[in-house]
Amino acid sequence: MGANAVIEAVVFDVGRVLVHWDMRALFRKLIADPAELDWFCSTVVTEAWHYQHDAGRPLAAMVAERKAEFPAQAALIDAYATRFNETIPGPIEGTIALVEALHARGVPLYAITNFGADLWPRFRPTLPVLERFRDIVVSGVERIAKPDPAIYALAERRFGHAGPAMLFVDDNASNIAAVRAAGWHGHLFTDPAGLERDLTERGLL
């Protein structure tokens, strides 16, 4: 599908598109030794393990299981659950500005995010720009995570736009491949400047 096709709505990912996300932003505060930090973030609290929560597994069950597996790290595993917002050090300001520009032009805005159901209510109030979105599909709530095609089908029903009339912005190549296979337009996000160029070429800005 070409860049000149008519887009009715823009759909955003959240992590690493609207906000920075880095487990180390929290754990470097708690683990002084760089080698231990590397080990912990690659072995104990990893993004792959965290993905279970994005896909719908309850946080309490995950944490209890992980603490049983790594009892010496129990306090740090608890910190993942209680201080998760500290893994999100702030917004990606250039993208936030693009959301505001699209909103000012009356472009319908939505989001699809891989985010745990237990963690989402704590995070959402910290990012006021989310009020610009007409609806947000949260993977942990739906128990369907990107890149499962079912989450895009659900979004089409919820958002009320056909897939070919929507542009999805995500930093993960697998998610963009899946959404394109579902008939949507996709932008693989690397930085706000590249997204701005694409939005401009499509006549959305």
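For region 22-149, with only Lys/Arg (+1) and Asp/Glu (-1) charged at the beta-carbon, what is the dipole magnitude about the Cα centre, in debye rounded to 20?
Numbers: 14 positive and 17 negative charges, 63 e Å.
Its charge dipole is roughly 300 debye.
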At 0.36 nm per residue, minus the direct Cα-Cα distance, what do Val141 and Ala64 gain on full extension? Give it in nm, one decimal, please.
-> 25.7 nm
Among Glu47, Glu86, Glu36, which one moves the most in a GNM of the chain with springs linking Cα atoms closer than 10 Å?
-> Glu36
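Rounded to the nearest percent, how much of the accessible area of the chain (1.4 Å probe, protein heavy atoms only) is carbon and sulfur?
On the way: 4930 of 9100 Å².
That share works out to 54 percent.
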Trp21, Trp39, Trp120, Trp184, ranked by accessible area, largest first (probe 1.4 Å) | Trp39, Trp21, Trp120, Trp184
Which one of Phe159, Val11, Gly203 has its Cα pushed farthest toward the positive end of the charge dipole of the chain, where Lys and Arg give +1 and Asp and Glu give -1 at the Cβ?
-> Phe159
Taking only Cα atoms and a 10 Å spring cutoff, compute GNM fluctuations for the chain and point out the largest among Asp13, Asp148, Asp33.
-> Asp33
Subtracting the Cα-Cα distance from 0.36 nm times the residue separation, let me have the gained length for Glu131 to Asn85 in nm, one decimal.
-> 14.7 nm
Regression test value, accessible area per residue of the chain, probe 1.4 Å, units Å², expected 44 Å²
Report the charge-dipole magnitude of region 91-205 in Debye, nearest 20, computed about the Cα centre from +1 at each Lys and Arg Cβ and -1 at each Asp and Glu Cβ.
-> 320 debye
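Expected output is a single nm value to one decimal: the length gained when fully extending between Ala32 and His20, i.e. 0.36 nm times separation in residues minus the C-alpha distance. What is it? Kindly include the intermediate steps, with their values, before the conclusion.
Numbers: separation 12, 0.36 × 12 = 4.32 nm, distance 2.19 nm.
Full extension of this stretch gives 2.1 nm more.
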When the chain is treated as a GNM, springs tying every alpha-carbon pair under 10 Å, which of Pro192, Pro34, Pro108 comes out with the largest mean-square fluctuation?
-> Pro34
What dipole magnitude, in Debye to the nearest 20, does region 44-109 give about its Cα centre under +1 on Lys/Arg Cβ and -1 on Asp/Glu Cβ?
-> 100 debye
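The values are calculated or read from the model by the stated rules, or taken from the named source; none is laboratory data. Please read all numbers here as calculations on a predicted model, not as lab measurements. Heads up, the Cβs are rebuilt from the backbone with ideal geometry, glycines too, and the neighbour counts pull from every protein chain shown. We work out accessible area using only protein heavy atoms, side chains counted, and drop any ligands, DNA or RNA first. Shrake-Rupley method; radii C 1.70, N 1.55, O 1.52, S 1.80 Å.
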